[in-house]
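So that we are looking at the same thing, I have put the structure below in structure tokens.
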Amino acid sequence: MTNKILTIGYIGNGKSANRYHMPFVIQRTDKIKIKKIFTLDHSKDIWDEIPGVIYTESLDDLLNDPDVQVIVISTPSAFHYDYAKKVLLSGKHCVVEKPFADTYQQAQEIFDLAKEKGLIVQCYQNRRFDSDFLTVQKVIESGKLGDLLELEMHFDYYRPYIPESVHEFSSINSYLYGHGCHTLDQVISYFGKPDHIHYDVRQLLGEGRMNDYFDLDLYYGTLKVSVKSSYFRVKERPSFVIYGKKGMFVKEKKDKQEEHLKLFYMPSHDDFGVDLPGEYGTLTYYDEKGYHEEKVVSVNGDYGRYYDALYETIINGKEPLVKPEQTLLQIEILEKGIANLK
């Protein structure tokens, strides 16, 4: 029996679509087809055309294409809300890059519209398939750490020239929205809704400037999950550090998919995104036999697994990978986090 094909269109032909979406989709031509991409001015696009894909400067051409079942919005964040409404009103399923929307109210409106139309709308949470995050789950589920006490997640840069060049504050373009949308979704997808949250979200250069730092503590009973990021870390902190009653696990190296994509080293390579042995995390623990320290082979990441799940949802009626309540909770956290910034 031949698989049914899921036909996709894109709004936006920039870095997001060409780096984080389409390289994975074109590895799945047995079940997913990219038919059409809407771009405002194709003559100014810097990315190579994908053979067989139609590029159009007419949004209506994409929205009214009867073959296209789902449209992926990969534009700057400020346009997500408006485009999502247009896609749903045209009768298409919709995937929205993160951050999903500017406010909880906007996000709720989008989900309500999708429900009214009998359509699926999801946030593109590909970072659920980061190698380091998947490896952390493997370690937790091994039971070797015992009861979990504390988990720290870091996403650091040393890019002082970026916040120093920004002289206004924007919520949708804030550092918390732009990067917390990765790590917070990982926390929510694995641990669920926290009991309470402590927020430390700053503009290190002062009011009226870019949000360039955040440190959120999410509490789950006795477990504290800390999500931390900064633009001013000359040396990055470990990607993950986990402490349990019996041991700890440190994963220094982040998932390598983004690193490889920036080098145009694509998923067609067998070693794409794969950690080398020197990049494996270190597990240290005690059990009935005493003290142990060992390297943990990294689980391979694959952003394309998001599209595998999307295919199963739209074609085979499976449960959505990213639930509306997860996205709404994330937007609620993001909105509260920047509430006092100006």
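The values are calculated or read from the model by the stated rules, or taken from the named source; none is laboratory data. Predicted model only: the values in this text are computed from it and were never measured. When we count neighbours, we look across all protein chains shown, and the Cβ atoms used for this are built from the backbone with ideal geometry, even at glycine.
Looking only at the range 239-258, filter to residues that are over 18 Å from L184 (Cβ atoms), surrounded by fewer than 22 Cβ atoms within 10 Å (Cβ to Cβ) and not acidic (D, E); which one of those is modelled with the lowest pLDDT?
Restricting to residues being over 18 Å from L184 (Cβ atoms), surrounded by fewer than 22 Cβ atoms within 10 Å (Cβ to Cβ) and not acidic (D, E), the top hit is K253.
Being part of a loop (DSSP other than H, G, I, E, B) and touching a residue at least 24 places away in the same chain (Cβ under 8 Å) is the requirement here; does D48 meet it?
No: the conditions fail for D48.
Still on this structure, I have one more. Picking from R19, R28, which residue would you name as being modelled with pLDDT of 95 or more, in contact with a Lys or Arg (Cβ under 8 Å, 6 or more places away or on another chain), closer than 30 Å to F264 by Cβ and basic (K, R)? Give the steps one after another, and end with the answer.
Working: R28 fails: in contact with a Lys or Arg (Cβ under 8 Å, 6 or more places away or on another chain).
The match here is R19.
To continue, here is another question. Can you pull out every residue in the range 264-291 that is surrounded by 17 or more Cβ atoms within 10 Å (Cβ to Cβ) and at negative phi?
P267, F272, D275, Y280, G281, L283, Y285
Taking I46 as the residue in question, decide whether it is of a type in the set (A, V, I, L, M, F, W, C), more than 23 Å from the chain's Cα centre (by Cα) and closer than 18 Å to L261 by Cα. First the steps, then the outcome.
Values: of a type in the set (A, V, I, L, M, F, W, C): yes; more than 23 Å from the chain's Cα centre (by Cα): yes; closer than 18 Å to L261 by Cα: yes.
Spelling it out, I46 is indeed of a type in the set (A, V, I, L, M, F, W, C), more than 23 Å from the chain's Cα centre (by Cα) and closer than 18 Å to L261 by Cα.
Something else now. Restricting the search to the range 195-209, which residues are farther than 20 Å from L184 by Cα and of a type outside the set (K, R)? If you could, list the steps in order and put the result at the bottom.
Going through the range 195-209, the residues farther than 20 Å from L184 by Cα turn out to be 204-209.
Answer for the range 195-209, where residues must be farther than 20 Å from L184 by Cα and of a type outside the set (K, R): L204, L205, G206, E207, G208.
Give me a count of the residues in the range 171-193 that are surrounded by fewer than 20 Cβ atoms within 10 Å (Cβ to Cβ) and over 13 Å from I331 (Cα atoms).
5
Quick one: would you say V72 is in a strand (DSSP E or B) and under 22 Å from the mean Cα position of the chain (by Cα)?
Yes; evaluated as a whole, the condition is true for this residue.
(1) among the hydrophobic types (A, V, I, L, M, F, W, C); (2) surrounded by fewer than 21 Cβ atoms within 10 Å (Cβ to Cβ); (3) part of a strand (DSSP E or B): which one isn't true of L216, the others all being true?
(2)
Still on this structure: If we keep just the residues of the range 292-303 that are buried (at least 20 other Cβ atoms within 10 Å of the Cβ) and of a type outside the set (F, W, Y), which is farthest from E259 (Cα to Cα)?
Checking each candidate, the answer is S298.
Do we have Q105 as touching a residue at least 60 places away in the same chain (Cβ under 8 Å) and of a type outside the set (S, T, Y) here? Write out each step before concluding.
Working: touching a residue at least 60 places away in the same chain (Cβ under 8 Å): no; of a type outside the set (S, T, Y): yes.
No.
While we're on this one: Would you confirm, using the coordinates I've provided, whether D200 is out of contact with any helix residue (DSSP H, G or I) (no Cβ under 6 Å at 6 or more places or on another chain) and part of a strand (DSSP E or B)?
yes
Would you please list the contacts, defined by Cβ atoms under 6 Å and residues six or more apart or on different chains, that run from a residue in the range 16-40 that is in contact (Cβ under 8 Å) with a residue 40 or more places away in the chain to a residue that is in a strand (DSSP E or B)?
A17/Y10; V25/I32; V25/I34; I32/L6
From the list K98, K44, which residue is closer than 13 Å to G14 by Cα and basic (K, R)?
Answer to the selection: K44.
While we're on this one: Being in a loop (DSSP other than H, G, I, E, B), at pLDDT 95 or above and crowded, with 19+ Cβ neighbours inside 10 Å: is that true of K144 here?
yes
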